[in-house]
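Note sheet for the following structure.
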Amino acid sequence: QAVLIEKNKELGGLARSVSHTIEGLDVQAYLDRLVAEVKTNENITVLTEAEVTAFKGYKGNFTTTVQHGPDKVEQVIDHGVAIVATGAHEFKPAEFMYGQSDKVMTQLELDKLLHERGNGNDPAKWQNAVMIQCVGSRNDENPNCSRICCQSAVKHALQLKELNPDMNIYILYRDMRMYGLLEDYYKQARQKGIIFSRFDLENPPEVSSNGAGTEVTFIDHVLQRPVKVPVDAVVLSAATLANETDRLATHLKVPRNAYGFFIEAHAKLRPVDFSSEGIYLCGTAHSPKLISESIT
């Protein structure tokens with residue numbers, strides 16, 4: 001018997017915002033199939049719009065109190081183990097004219113635009129697109145690399161090239177981190193003419209409005225001079241941040257790092273266990289990671 005406690009109205013979490021993986025796998029089809037299997041399994045109880053209000057006990061003998069549904073019905077659950085899968089969310093930038101121009105968007109917003117198409121802003125008609133990496137990460141407030149941003153940029157750049165091979169795409173990066181076998185997609189992007197230009201934190205790109213439209217100015221690290229590009233879209237690779245879990249962490253008495261992600265008992269020896277026995281963690285509750293890594 002399993003009880004799934006979901007804070008939102010529907011299952012799926014952050015995966016609801018991702019249409020395809022970089023390998024081309026259909027995330028929404030997989031998700032719909034998985035949710036259907038969960039809902040039709042007689043051994044699984046799904047509680048939506050739910051929140052844990054109390055937690056006590058020990059391995060094999062936990063008791064959790066949950067309020068769920070629009071009426072906040074209270075339910076007490078006896079269970080042997082607990083899995084924490086509270087997920088993460090995309091950072092909403094305050095820089096690079098985000099929120100001031102409809103041409104500036106995040107990678108997840110671009111994903112939605114590519115998936116839906118035909119709402120008046122068709123990416124296939126773009127001539128110039130600029131992607132800016134490390135927005136909201138690797139800075140004083142959040143020194144961590146968000147891990148998935150580089151592959152998101154390359155994935156969407158390749159998609160844009162498929163829609164319009166003549167489109168000029170610039171990826172402005174601090175360090176490209178296409179770890180493992182993802183390096184092949186970086187190489188493919190280079191071969192298709194996608195331009196990668198490095199910048200440092202002291203000289204970030206500038207996004208501005210010139211009256212006629214939006215433009216991006218950056219220092220080309222090869223030419224060693226400023227380059228100004230009129231753009232149809234500016235795509236920000238925004239940080240992946242932990243969801244709000246203060247109350248849950250207090251109830252469960254499990255540790256988090258300074259940035260809100262849960263900490264495993266031992267990175268090598270017990271990577272999915274908490275130090276408290278009988279409590280486990282998975283997915284982006286632990287750190288930013290790809291869907292395939294969360295599944296693993």
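The values are calculated or read from the model by the stated rules, or taken from the named source; none is laboratory data. Source: prediction; values computed, not measured. Please note: Cβ atoms are built from the backbone with ideal geometry, for glycine as well, and neighbour counts cover all protein chains shown. The protein model used for the area step is the full one, side chains on, heavy atoms only, and it has no ligands, DNA or RNA in it. Shrake-Rupley method; radii C 1.70, N 1.55, O 1.52, S 1.80 Å.
Result for the chain in a Gaussian network model with C-alpha springs under 10 Å: among N128, N164, N210, the largest mean-square fluctuation is at N210.
Using only the alpha-carbon atoms, how far is helix 27-40 inclined from the longest principal axis of the chain? Give it as 0 to 90 degrees, nearest 10. So the inclination is approximately 10 degrees. Of interest is the spacing of the C-alpha centroids, which for segment 76-114 and segment 127-169 amounts to 15 Å. Scalar couplings 3J(HN,Hα) for segment 180-191, obtained by applying the Karplus form with A = 6.51, B = -1.76, C = 1.60 to θ = phi - 60°, are x, 6, 5, 4, 4, 6, 4, 4, 4, 5, 4, 5 Hz; x denotes Gly and Pro. Annotation: amide H of G87 within the under-5 Å range of T284, A285, sequence separation 5 or more or interchain, hydrogens built in the peptide plane.
In loop segments of segment 189-225 as defined by DSSP, the GluC sites (Glu not before Pro) with at most 10 further C-beta atoms inside 10 Å of their C-beta are E202.
M176 contributes an accessible area of around 40 Å² to the protein surface, as traced by a 1.4 Å probe with all chains present. Structural descriptor for segment 208-265: relative contact order 20 percent, calculated from alpha carbon pairs under 8 angstrom and at least 6 residues apart. Pairs from the table (K9/K39; K7/K103; K155/K268; K56/K253; K161/K187; K253/K289) lying more than 20 angstrom apart at Cα are K7/K103; K155/K268; K253/K289. Extension gain, D102 to L4: 0.36 nm times the residue separation minus the Cα-Cα distance gives 31.5 nm.
Figure note: D175, D32 ranked by solvent-accessible area, largest first, 1.4 Å probe, ligands and nucleic acids not counted: D32, D175. Calculated mean residue ellipticity at 222 nm for the chain: -6000 deg cm²/dmol, from DSSP H runs with n ≥ 4 weighted as -39500 (n - 2.57), summed, divided by the residue count and rounded to 500. Heavy atoms of the protein chains alone define the surface here; on that basis segment 87-147 has 48 Å² accessible area per residue at 1.4 Å probe size. Axis angle, to the nearest 10 degrees, between helix 107-116 and the longest C-alpha principal axis of the chain: 90 degrees. Candidates (i) 21.5, 66; (ii) 23.1, 70; (iii) 17.0, 53; which is the computed Rg and Dmax of the Cα atoms in Å? The value matching this structure is (i). For N41 and N164, the difference between the fully extended length at 0.36 nm per residue and the C-alpha to C-alpha distance is 39.9 nm.
The modelled label-to-label distance for the pair S19/V81, using points 7 Å beyond Cα in the direction of Cβ, is 3.7 nm. Each of V73 and S208 was given a label point 7 Å from its Cα along the Cα-to-Cβ line. The distance between the two points is 6.0 nm.
The 3J(HN,Hα) values that the Karplus relation (6.51, -1.76, 1.60; θ = phi - 60°) gives for segment 143-154 are, in residue order, x, 7, 6, 8, 6, 9, 5, 5, 5, 4, 5, 5 Hz. Gly and Pro appear as x. Full extension of the chain between D273 and Q188 gives 26.8 nm of extra length, using 0.36 nm per residue less the Cα-Cα distance.
The GluC sites (Glu not before Pro) of segment 123-200 that meet both conditions, a loop assignment by DSSP and at most 11 other Cβ atoms within 10 Å of the site Cβ, are E141. Taking segment 30-86, which GluC sites (Glu not before Pro) meet the DSSP loop condition and have no more than 14 other C-beta atoms within 10 Å? Here the sparse-neighbourhood loop sites are E42. Each residue of segment 214-228 is assigned a 3J(HN,Hα), and the resulting list reads 10, 9, 10, 10, 9, 8, 6, 6, 8, 6, 6, 8, x, 10, 10 Hz, derived from the Karplus form 6.51 cos²θ - 1.76 cosθ + 1.60 (θ = phi - 60°), x at Gly and Pro. Computed from label points 7 Å out along Cα-Cβ, the spacing between N243 and T296 is 2.3 nm. Database remark: amide H of V227 closer than 5 angstrom to the amide H of F218, I219, D220 (H placed geometrically; neighbours at sequence offset of 5 or more, or on other chains; Pro and chain starts carry no H).
Here the accessible area is traced with a 1.4 Å probe on the protein chains. For the chain, carbon and sulfur cover 50 percent of it.
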